């Protein structure tokens, strides 16, 4: 079961459909409305907690995309993930942290969940989240889709 879609914390929408894609804004590591592991990976947040935070952010992204298209069955896969990790200076485990997000998508979409990815280290992320991910999804072709999603 997917989490509830979080309300935007600024002047933007959580997801926007365009053609055969769904663009989802950066999703934080909310679990039940809170960020359970605030801080930077390699300091206040362990590697394992960072991986769990990335998984939570991926599930939040799936929820936003699913809501935008009217159900997860209308998504056909993942094209791209851009992941940001708030981390201690010199932390070298960005890829390991973001695997927590990347591993979710093949669980849901099989081979179509495989994607390209960019890892970015950051000094701090919104609301103290250790991870933020932005995802570009492919969606099923259906003439009933509203491109303004």
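Need one number: % antiparallel among DSSP beta bridges in the chain, to the nearest 5. Let's see the in-between values first.
On the way: 20 of 29 bridges.
That works out to approximately 70 percent antiparallel.
Treating the angle as unsigned and between 0 and 90°, give the value, to the nearest 10°, between the Cα long axis of helix 47-69 and the longest Cα principal axis of the chain.
Around 20 degrees separate the two axes.
I'd like the FRET efficiency for residue 88 and residue 138, computed as 1/(1 + (r/R0)^6) with the beta carbon distance as r and R0 of 25 Å, rounded to 0.05.
Numbers: r = 35 Å, r/R0 = 1.41.
Once the sixth-power term is evaluated, E becomes 0.10.
Report the Cα centroid-to-centroid distance between the range 23-48 and the range 116-132 in angstrom, as an integer.
One Cα centre to the other: 9 Å.
State log₁₀ I(q)/I(0) for the chain at q = 0.12, 0.20 Å⁻¹ as given by the Debye formula over alpha-carbon point scatterers of equal weight, solvent excluded.
-0.45, -1.15
Out of 28, 98, 127, any idea which swings most in a Gaussian network model of the chain, alpha carbons joined below 10 Å?
Comparing 28, 98, 127 in a Gaussian network model of the chain, the most mobile one is 127.
Does a label point 7 Å from the Cα of residue 43, set along Cα-to-beta-carbon, have any residues of the range 76-113 with amide nitrogen under 11 Å, and which are they?
Correct set: 86-90.
Estimate the FRET efficiency between residue 31 and residue 111 by the formula 1/(1 + (r/R0)^6), using the beta-carbon distance for r and 30 Å for R0, to the nearest 0.05. Show your work: numbers first, answer last.
Values: r = 28 Å, r/R0 = 0.94.
Once rounded, the FRET efficiency stands at 0.60.
Please give the length that would be gained between residue 18 and residue 123 if that part of the chain were fully extended, namely 0.36 nm times their separation in residues minus their C-alpha to C-alpha distance (nm, one decimal). Write out the running numbers ahead of the final one.
On the way: separation 105, 0.36 × 105 = 37.80 nm, distance 3.18 nm.
Once the chain is fully extended between residue 18 and residue 123, it gains 34.6 nm.
In deg cm²/dmol, rounded to 500, what helix-only [θ] at 222 nm does the chain give when every DSSP H run of at least 4 residues adds -39500 (n - 2.57) and the total is split over its residues?
-8000 deg cm²/dmol
Every number in this text was worked out from the coordinates using simple rules, so none of it is lab data. The model shown is predicted, which means the values in this text are computed figures rather than measured ones. FYI the Cβ positions are ideal-geometry reconstructions off the backbone, even for glycines, and counts take in every protein chain you see.
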